[in-house]
């Protein structure tokens, strides 16, 4: 026997939520960000892609710096987060990474964080862009001269170390019971072989 449904009643199947990969790209991106917000990067991950917002740990990995170092940059007002997440986490971008590498290069040049802060202030207070870049050019030229002088000193030190090691090779033929005081009258080296200063310094008081 046929069963008649009420005329005004219509059957509506229950709504089925589409899988995440089938949703519009904007919604999918929002869901991914929401699910990862406040979550530590998994083992083996490099964190967010270059140019995307990244947490302080991701920025530290990309730049080879420690999280403490990045926080120290912030304390000196040399680095600022691009924004904060809904959970209050600092978020950084590609420009933040460039800034960290810039700070690191200046530190390698011998500048302290206080020096770098002063440099930034001096440039910011310049009357114009050309004036600012003129200050930077003068600073870099001065550092280049210092670097070249340092290279000369290091090259000389390299030669002294190499000569000292060659001189000390003869010591391997010395009697094991020989006292250190005998080094002042050692006859195992050639007469024309000058004792390097790095070695001779051990013989005098």
Looking only at the stretch 80-114, count how many residues are loosely packed, with under 15 Cβ neighbours inside 10 Å, touching a strand residue (DSSP E or B) at 6+ places or on another chain (Cβ under 8 Å) and touching a residue at least 12 places away in the same chain (Cβ under 8 Å). 2
Output the number of residues of the stretch 80-108 satisfying the condition of being farther than 15 Å from residue 62 by Cβ and under 14 Å from the mean Cα position of the chain (by Cα). 4
Scan the stretch 65-79 for residues that are surrounded by fewer than 17 Cβ atoms within 10 Å (Cβ to Cβ), under 15 Å from the mean Cα position of the chain (by Cα) and part of a helix (DSSP H, G or I) and jot them down. 67, 68, 71, 72, 74
Right, residue 128: touching a helix residue (DSSP H, G or I) at 6+ places or on another chain (Cβ under 6 Å) and either farther than 24 Å from residue 199 by Cβ or in contact (Cβ under 8 Å) with a residue 24 or more places away in the chain (or both) or not? no
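We did not get these values from a lab; they are worked out from the coordinates using the rules stated. On a predicted model such as this, the values are computed, not experimentally measured, just so you know. Neighbour counts are summed over all protein chains in view; Cβ atoms, including those assigned to glycine, are modelled from backbone coordinates with ideal geometry.
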